[in-house]
1. How many residues does the stretch 54-82 hold that are over 20 Å from I158 (Cβ atoms) and either buried (at least 22 other Cβ atoms within 10 Å of the Cβ) or modelled with pLDDT of 90 or more (or both)?
2. Consider S118 carefully, then state whether it is surrounded by 22 or more Cβ atoms within 10 Å (Cβ to Cβ), of a type outside the set (D, E, K, R), assigned to a loop (DSSP other than H, G, I, E, B) and modelled with pLDDT of 95 or more.
3. How about the stretch 102-115: which of its residues are assigned to a loop (DSSP other than H, G, I, E, B), in contact (Cβ under 8 Å) with a residue 24 or more places away in the chain and under 15 Å from R62 (Cβ atoms)?
4. Of all residues in the stretch 263-304, count the ones that are charged (D, E, K, R) and in contact with a Gly (Cβ under 8 Å, 6 or more places away or on another chain).
5. Filtering the stretch 132-156 down to residues that are among the aliphatic types (A, V, I, L, M) and in a helix (DSSP H, G or I), which residue is nearest to V109 (Cα to Cα)?
6. Determine the pairs where a residue that is hydroxyl-bearing (S, T, Y), located within the stretch 176-203, has a partner that is in a loop (DSSP other than H, G, I, E, B) with Cβ atoms under 7 Å apart, the partner being 6 or more residues away or on another chain.
7. Exactly one of (1) touching a Lys or Arg at 6+ places or on another chain (Cβ under 7 Å); (2) surrounded by fewer than 20 Cβ atoms within 10 Å (Cβ to Cβ); (3) at pLDDT 95 or above; (4) not charged (D, E, K, R) is unmet by A132. Its number?
8. So, W269, is that one among the hydrophobic types (A, V, I, L, M, F, W, C), part of a loop (DSSP other than H, G, I, E, B) and touching a residue at least 12 places away in the same chain (Cβ under 8 Å) or not?
Amino acid sequence: MTRILVTGASGFIGRALVAELADAGHSVRAAMRQPADIFARSVEVIAVSDLTRPVEWRPLLRDIDTVVHLAGIAHAGPEIAEQAYDRVNRLATAELAAAAKLMHIKHLVFMSSIRAQSGPASDSVLRETDMAQPTDFYGRSKLAAEEAVRAAGVPFTILRPVLIYGPGVKGNFARLMELARKPWPLPLGLCRNRRSLLARRNLIDAVHFAVVSPAAKGETYVVAEPAPLTLAEIVAALRAGEGRRPGLLPVPPGLMALAAGALGRAEEWQRLGGTQIADPAKLIKAGWKPALDTRASLAALVRETRD
């Protein structure tokens, strides 16, 4: 039995991960800003202060073997300043890694992002061997956090997931699901840009693999499902979950990009309408096996959220 601290335990990934780790027989300490009775009794829930201020990590790390660090700021919008991303994503991670070294933690699993490696779109397939070229505050803060983890001297695994979907997802993917639910045809039939996706279930399996696999220590992994889909295929899969036809009109993507730019949503369009393919071959070769197929799990997600 491994004794695991999970930060960001109440979030979209953390809540499901804590439950899965506990079900797998691990002893889990769930750290969150506002402790709540949302886990099994076997899970120890502990309060952690807002990461915008220094955290005394050592009490949280007492009697812990492994840390899974999920807490951080994601794409919160233009109102979030670079200093906030740096404080929460880089500096808090660096402080945690330094404390983990002092407390002789055996393994730190850090949840980074594919955005530490690339912007919202990429002309080439993304692999761990590529030079990291983040394009925004968020991506740069995640890359800097990775560097802090590597420099701390604690055994680590870094995961770089692509766009994650699952029950309760927010942000761009939630908006895409809402759009797919509309009864009218959508002008996405010619959107042949391919994007790698990742079901939360598959990401949790990747985290669990990193936790239990000694070979994962010292490694950085891109985490993505093996078969990227076009935007048109993603919407078709979502509508298939409702038993509907794709209903996609053949409008040139260039016109869609112009319209998005005119509405001030150019970057949002790039996150969905641009190409971003990530290659998970390294993680699969190491032993991770994504349980869910992308098309089937997208359709299942719609059925689950509808029911």
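1. Total meeting the criteria: 8.
2. Judged against the criteria, S118 is a match.
3. Within the stretch 102-115, M103, I105, K106 meet the criteria.
4. Number satisfying all stated conditions: 1.
5. My answer is V149.
6. Matching pairs, first to second residue: S196/V162; S196/A224; S196/E225; S196/P228; S196/I277.
7. Looking at each condition in turn, A132 falls short on (1).
8. For W269, the condition - among the hydrophobic types (A, V, I, L, M, F, W, C), part of a loop (DSSP other than H, G, I, E, B) and touching a residue at least 12 places away in the same chain (Cβ under 8 Å) - is not met.
The values are calculated or read from the model by the stated rules, or taken from the named source; none is laboratory data. Note that this is a predicted model, so its numbers are computed, not measured. Using ideal geometry, Cβ is built from the backbone for each residue, glycine included, and neighbour counts are taken over all protein chains shown.
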